[in-house]
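Undergrad: One structure is given below, represented as structure tokens, and several questions about it will come after.
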Amino acid sequence: MAQKMSRRNRKMLGIRIKPKEGLWVVYQLRLKGIRQIDLCQKLGVKSSTMSQVLSGIRRSGRIEDALYQTLGYPSFEAMIAASRGKGAVV
């Protein structure tokens, strides 16, 4: 089971979402009936910020945390591993 990593440690290690993984995350959100804009409104962020995080251009611990929690993963790292086909599907 993946351990939860702090936002600071995640940034230091450079764990970053890649564009292909971002598409997978958006697909998983849609399977759950959640639109990107709905999550943006819930978090109070612009859709462009969310898009930049999902394409790996920008980092946001708050958005990353919301993504893995919304999709039901125990950590951001577990979500990334699942998107790469290296983790258990939740």
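Undergrad: Mind listing just one residue for me: the one in the range 67-87 that is polar (S, T, N, Q) and either without any contact (Cβ under 8 Å) to a residue 60 or more places away in the chain or farther than 24 Å from D38 by Cβ (or both) and, of those, surrounded by the fewest Cβ atoms within 10 Å (Cβ to Cβ)?
TA: Initially, the range 67-87 is screened for residues polar (S, T, N, Q), giving 69-70, 75, 83.
Next cut, either without any contact (Cβ under 8 Å) to a residue 60 or more places away in the chain or farther than 24 Å from D38 by Cβ (or both) only: 69-70.
Working: Q69: 13, T70: 17.
Only one residue tops the list, namely Q69.
Undergrad: Identify all residues within the range 77-90 that are in a loop (DSSP other than H, G, I, E, B) and either under 10 Å from the mean Cα position of the chain (by Cα) or under 14 Å from W24 (Cβ atoms) (or both); write none if there are none. Explain how you work it out, then say what you get.
TA: Within the range 77-90, the first condition is being in a loop (DSSP other than H, G, I, E, B), and the residues that meet it are 84-90.
Selection gives R84, G85, K86, G87, V89, V90.
Undergrad: So, in the range 47-58, exactly how many residues are touching a helix residue (DSSP H, G or I) at 6+ places or on another chain (Cβ under 7 Å) and of a type outside the set (V, I, T)?
TA: Residues meeting the conditions: 6.
Undergrad: Next question, about the same structure. Could you grab me the full set of residues in the range 41-76 that are in a helix (DSSP H, G or I), under 16 Å from L23 (Cα atoms) and not aliphatic (A, V, I, L, M)?
TA: Passing the criteria: S47, S48, T49, S51, Q52, E64, Y68, T70, F76.
Undergrad: Could you please find all residues in the range 20-40 being touching a helix residue (DSSP H, G or I) at 6+ places or on another chain (Cβ under 7 Å) and part of a helix (DSSP H, G or I)?
TA: E21, G22, W24, V25, V26, Q28, L29, Q36, I37, L39, C40 - these are the residues of the range 20-40 that are touching a helix residue (DSSP H, G or I) at 6+ places or on another chain (Cβ under 7 Å) and part of a helix (DSSP H, G or I).
Throughout, read-outs are computed from the coordinates displayed, never taken from laboratory work. Just so it is clear, the model here is predicted, and its values are computed rather than measured. Using ideal geometry, Cβ is built from the backbone for each residue, glycine included, and neighbour counts are taken over all protein chains shown.
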